[in-house]
Structures are given as C-alpha cells and as structure tokens.
Amino acid sequence: MESKNPFFKTKTFSNTSAANDNVSVIDYNETMTVSGTINKSFILLMLLVATAFITWTLAFNGYNPIVLTIGGAIVGLILVLISTFKPHLSTYLAPAYALFEGLFIGGISAFFEASYPGLVSQAVGATFVTFLVCFGLYKYKIVQVTEKFKSIVIAATLAIGVYYLVSWLLTMFTSFQPVQYGNSMMSIGISVFVIVIAALNLFLDFDQIEKGAQERMPKYMEWYGAMGLMITLVWLYIEFLRLLSKLASRD
C-alpha cells in the first residue's frame, strides 16, 4: 500500500532503497535523514510564502494576478509529475515547485480574503494546528500507521479524487452542479470529510519519510520527501479555505 501523495509511492521508495543497497560503502552524511527532510520542508515553505506574497500584493494593489495564479498551478503540477518519475532531480525541482505553487496559493488566498476578510488567517492557523496535532500523534505513537490504516486512507483518498474529477467533467460539459460547490449542510459535510482524509494522509507521509531515513536512501530524497509533504499541506490548506468560506457564506 502507498500514500495518496505521488511523492510517497512505495515503488519509488523501494526502488531507490534497492539501488542504494548496491553501494558497498555508505557515507551516512549523504543519506536521507528525518531532520534533513524537516529542514528542507521549512525551506520550501519559506519559498512558497515568498512568492505567495507577490500575487497577494498584486491582488490588493489593483492588479489582477489571474495569469500568475493559473500559471503557477499549471507549472507546479508539471513539476510534480516530473519529480514523480525523476526523483533524483528533486534537489532542483522541489524549490521550483514551491516558488510556482506560491504564486497559485497567493492568488487564490487573495480571492478568498477579498470575499471573506479574515478567512485566510483562520485557514493558515487551522492548517498548522492540524499538522502539529498529527505530527504529535505520530511521534508519540498514539496513531499507528498499520497496513489496514493505509488501505483505508488510500481508498478514501482515491474515492475523493475520482469524485472531484467526475464532478469537474460533468460541470464542464453539462449543467450539472456538484453538491460540494454550494454551502448546504451536505456540502459542508463533504468538506469536513475531505479535510479529515487530507489530515490522515499526513500520517502516511510521516511514515514514509521515517522509513526512507531508516533505509538510508540518497540525500536527494530529503527534497523529494519535503516536496511531497508540502503537497499534502497545500491540499489541506485549500480545503480549509473552502470549508471556512462555506461557513462564512451561511452567516
């Protein structure tokens, strides 16, 4: 079983580990560590915030950052796909992903903030509180990442992905309006469910990072792991934005 996050596919980690095992002498300064992955995650976060500030500032100074926002999302997705198949390039692709994804996050955050003032700070706070809670539960072994746990989270994540894809296609070619687009109680319930699944994916991500360090994977896998963790956090943040906007629109 594997994490929904494309960066934490068991096959990728297994292949990388197997290749590393063929090296007779291992320099432990050149292998993946948990602390190294955490440090690189902070670097990516800072890069993301820096470029998010650009589109955020443009939006609140009379400029429409739609091109940068959409462009950032598209380029970010392309970089994710490349890194999935070329993890050894993560040293360069991970920082680039953070920079372009920041443009997207800044633009979409500005949109929600203009519609519902104060919403972004709430979403940021909720995202980091969720991250810290999940990290604490994982670190102190309160939540055990078993094979059954993985299978449930992966199945739920795939179901969400298929549902969103089908809904998007129906919206594009028919007059169908997915229930999650409104602010009904059912729509709010769906958002809560998606947030829970996104949070549970964090446990799978933590587990894969820890296993990668235990298996002494190459140093570049720290960037790979940090990039994957950032993808999950971005997903979680966007879902919080959506949920909070639905709640605000009901007031």
With the other protein chains left in place, how much accessible area per residue, in square angstrom, belongs to region 202-247 at a 1.4 angstrom probe? 24
Read phi for every residue in region 100-114 and hand back ³J(HN,Hα) as whole Hz from Karplus 6.51 cos²θ - 1.76 cosθ + 1.60, θ = phi - 60°, with x for Gly and Pro. 6, 5, x, 4, 5, 4, x, x, 5, 5, 4, 4, 5, 5, 5
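Ignoring ligands, DNA and RNA, please state the percent of accessible area on region 34-96 from carbon and sulfur, probe 1.4 Å. Mind dumping the intermediate values first?
Working: 2910 of 3660 Å².
Whole-percent figure for carbon plus sulfur exposure: 80.
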Residue-span extension gain [LEU169 to SER121] - 0.36 nm each, minus C-alpha spacing: 14.1 nm
Could you order ILE190, ILE105, ILE142 so the one with the most accessible surface comes first? Probe is 1.4 Å. ILE142, ILE190, ILE105
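Can you tell me the order of 194-202, 110-118 when each peptide is scored by its average per-residue count of other Cβ atoms within 10 angstrom, highest first? Could you put the intermediate results ahead of the total?
Details: 194-202: 21.0, 110-118: 14.9.
With the highest mean Cβ count within 10 Å placed first, the list reads 194-202, 110-118.
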What distance in nm separates the two pseudo spin-label positions at ALA50 and VAL179, each 7 Å out from Cα along the beta-carbon direction? 4.5
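With every protein chain left in place, what is the accessible area per residue of region 75-201 in square angstrom, probe 1.4 Å?
Values: 6880 Å² over 127 residues.
Heavy-atom accessible area per residue stands at 54 Å².
List, in the order given, every pair from LYS86/LYS141; LYS139/LYS219; LYS141/LYS246 whose Cα-Cα distance in the structure shown is over 30 Å.
On the way: LYS86/LYS141 32 Å; LYS139/LYS219 22 Å; LYS141/LYS246 34 Å.
From the list (LYS86/LYS141; LYS139/LYS219; LYS141/LYS246), the Cα-Cα distance tops 30 Å for LYS86/LYS141; LYS141/LYS246.
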Relative contact order, percent, region 96-247 [alpha-carbon distance under 8 Å, six or more residues apart]: 38
Computed over region 144-248, Cα set: Rg, Dmax in Å: 16.4, 52
Give me the angle, in degrees from 0 to 90, between the Cα long axis of helix 185-214 and the longest principal axis of the Cα atoms of the chain, rounded to the nearest 10. 20
If the only charges are +1 at each Lys and Arg Cβ and -1 at each Asp and Glu Cβ, what is the size of the charge dipole of the chain around the Cα centre, to the nearest 20 debye? 300
Of the options ILE238, VAL80, LEU58, report the single residue whose Cα projects farthest towards the positive end of the charge dipole of the chain (beta-carbon charges: Lys, Arg +1; Asp, Glu -1). ILE238
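The values are calculated or read from the model by the stated rules, or taken from the named source; none is laboratory data. Not measured: the values here are computed from a predicted model. Using ideal geometry, Cβ is built from the backbone for each residue, glycine included, and neighbour counts are taken over all protein chains shown. When the accessible area is computed, the model is the full protein with side chains, heavy atoms only, and any ligands, DNA or RNA have been set aside. Shrake-Rupley method; radii C 1.70, N 1.55, O 1.52, S 1.80 Å.
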